[in-house]
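Visitor: Before we start, here is the structure in question, set down as structure tokens.
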Amino acid sequence: MMERRTEESIAAFRQAVTLNPNSAAAHSHLSRGFAFAGRDREAIEHGNDAIRLSPLDPEMALFLGAIAVAHYTAGRYDLAAHFTTEALRLRPGFQGAQRLRCASLARSGRVGEARAFLADVRREQPLLSLDWVRGNVPYQTRELMDQFVEGLRRAGLR
């Protein structure tokens, strides 16, 4: 997935679910694969399966993070902000959720809040830039990456 080999990564995650359909981790990985590929309905379905299978899982922030990405790629920025807030409540240092929360807030019209939050994020991630995002965040298509970068740009990231 990090190499943007979309179908190959989704097939591997799908195989993990087939091998162990009761694995919350497998459903979570498949959810994340679908989310970064812009397949929001499938991502949310498998994210919800992960939550159902392990409602007290120590990795719950990752389950919620994948659901947040799915909502973001579908343009449901308020819901993405909600799920990132929940993920960060469970794991305050979750950098992916921090970045997504900035973009989600900005895209939902809460630009002042996004910029204030970005200032906090930049203290933890001083090298964060749009170029860093393009090279390190696994959105699987140019359009999805552009959508994410635009949110961060509105939040004030350069």
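Visitor: For the stretch 86-95, which residues satisfy the criterion of being surrounded by fewer than 24 Cβ atoms within 10 Å (Cβ to Cβ) and over 20 Å from GLU150 (Cβ atoms)?
Guide: Hits for the stretch 86-95 are GLU86, LEU88, ARG89, LEU90, ARG91, PRO92, GLY93, PHE94.
Visitor: Return only the number of the condition from (1) of a type in the set (D, E, K, R); (2) touching a Gly at 6+ places or on another chain (Cβ under 7 Å); (3) surrounded by fewer than 24 Cβ atoms within 10 Å (Cβ to Cβ) that ARG107 does not satisfy.
Guide: Of everything listed in (1) of a type in the set (D, E, K, R); (2) touching a Gly at 6+ places or on another chain (Cβ under 7 Å); (3) surrounded by fewer than 24 Cβ atoms within 10 Å (Cβ to Cβ), ARG107 misses just condition (3).
Visitor: Does HIS27 qualify as being part of a helix (DSSP H, G or I), touching a helix residue (DSSP H, G or I) at 6+ places or on another chain (Cβ under 7 Å) and more than 24 Å from GLY156 (Cβ to Cβ)?
Guide: Judged against the criteria, HIS27 is a match.
Visitor: Also, I was wondering about something else. Going through the stretch 92-133 one residue at a time, which ones are touching a helix residue (DSSP H, G or I) at 6+ places or on another chain (Cβ under 6 Å) and among the acidic types (Asp, Glu)?
Guide: Residue satisfying the conditions is GLU113 alone.
Visitor: Restricting to the stretch 43-85, and then to whatever is free of Cβ contacts under 8 Å to residues at least 40 places away in the same chain and β-branched (Val, Ile, Thr), can you tell me which residue is surrounded by the fewest Cβ atoms within 10 Å (Cβ to Cβ)?
Guide: THR85
Visitor: Another question, if that's okay. Evaluate the stretch 74-90: report whether one residue or more is hydrophobic (A, V, I, L, M, F, W, C) and more than 22 Å from ALA114 (Cβ to Cβ).
Guide: There is no residue in the stretch 74-90 that is hydrophobic (A, V, I, L, M, F, W, C) and more than 22 Å from ALA114 (Cβ to Cβ).
Visitor: Now, a different point. Can PHE117 be described as touching a residue at least 12 places away in the same chain (Cβ under 8 Å), on the phi < 0 side of the Ramachandran plot and more than 14 Å from the chain's Cα centre (by Cα)?
Guide: yes
Visitor: Pick from the stretch 75-114 the residues that are closer than 16 Å to MET60 by Cα and hydroxyl-bearing (Ser, Thr, Tyr): which of them is nearest to the chain's Cα centre (by Cα)?
Guide: Ranking the qualifying residues of the stretch 75-114, first place goes to THR84.
Visitor: Which number in (1) surrounded by 14 or more Cβ atoms within 10 Å (Cβ to Cβ); (2) assigned to a helix (DSSP H, G or I) marks the one condition that ARG4 misses?
Guide: Result: ARG4 fails condition (2) only.
Bear in mind that the values in this text are calculations on the coordinates, not laboratory data. Keep in mind it's a predicted model, so treat the numbers as computed, not measured. Note: ideal-geometry Cβ built from the backbone for every residue, glycine included; neighbour counts use all protein chains shown.
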